[in-house]
Amino acid sequence: SSIPRHCWCCTTSFFCRMFSAAHQIDALPARIPVVGIVRVSTEMQASETRAGLARQREVIRLAVAAKGLHCVEVVELHISGTVAVGHPEMLRIYSKILSGEVKGVVVSDLDRLFRPSEPSSYAALQVFQDMGAKIYAGDTEYDLRTPNGLLHSSIRGAIAGYELCLIKERMEGG
């Protein structure tokens, strides 16, 4: 799965294409198609530097460049991470993964993808595992077909869900 670059004569010369393998030595690897996802829960969060939209977009841009990915689109969500898994835009992204149109997602941090508040929230990870799609979170790459990728994404998801519970407790406590 590479895109060969040829010299100018290969576009017109059948002989050159057939007998000169030298022109395909410098083949470029195909870039992996991904969808970028930026997500905030509140408008205040959207402008904050910690998880703000601009910072998330920059992290995604850097990850795409560093990994040699092809970002086909960036989806912006203004929803809680607890409902992100079932959001229509996320369902559309899962559909693109299932069809093979994209091979993963890029987020600034795994908690931008989801914050599981119940065990069923982890079902979204099954799509990535079944299709061999990867989650690129900043400089971390999660391949859920590997034991390490599955373990680390599950633990990070659980921590993100736990953090949300603590935030809610503090807010309710006054």
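The values are calculated or read from the model by the stated rules, or taken from the named source; none is laboratory data. All values reported here derive from a predicted model rather than from experimental measurement. Every residue, glycine among them, receives a Cβ derived from its backbone with ideal geometry; neighbour counts consider all protein chains shown. For accessibility, only protein heavy atoms count, side chains too; no ligands or nucleic acids. Shrake-Rupley method; radii C 1.70, N 1.55, O 1.52, S 1.80 Å.
Label-to-label distance for His78 and Ser95 is 2.4 nm, based on points extended 7 Å past Cα in the beta-carbon direction.
Mean sequence separation of contacting Cα pairs (under 8 Å, at least six apart), scaled by the length of the stretch 31-73, corresponds to a relative contact order of 58 percent. Cα-based values for the stretch 24-174, radius of gyration first and Dmax second, are 15.6, 66 Å. Using a probe radius of 1.4 angstrom, the carbon and sulfur fraction of the accessible surface of the stretch 84-174 is 56%. Amide H contacts of Ala137: Val107, Tyr142, each under 5 Å away and 5 or more positions distant or on a separate chain (H built 1.01 Å from N in the peptide plane; Pro and chain starts excluded). Tell me the net charge near Thr140. Cut-off is 13 Å between Cβ atoms, Thr140 excluded, with +1 for each Lys or Arg and -1 for each Asp or Glu. Here the charged neighbours net out to -1. Within straight-line reach of Lys103, meaning a Cα separation under 14 Å, sit the following aspartates and glutamates at least 8 residues removed in sequence or on another chain: Glu73, Asp130, Glu141, Asp143.
The Rg/Rh ratio of the stretch 97-174, with both radii computed over alpha carbons and Rh defined as the Kirkwood radius, is 1.04.
Under a 5 Å amide H cut-off, with hydrogens placed 1.01 Å from N, Ile32 pairs with His70 among residues at least 5 apart or on other chains.
Ranking Arg115, Arg55, Arg61 by solvent-accessible area of protein heavy atoms (1.4 Å probe, all protein chains present), from largest to smallest, gives Arg61, Arg55, Arg115.
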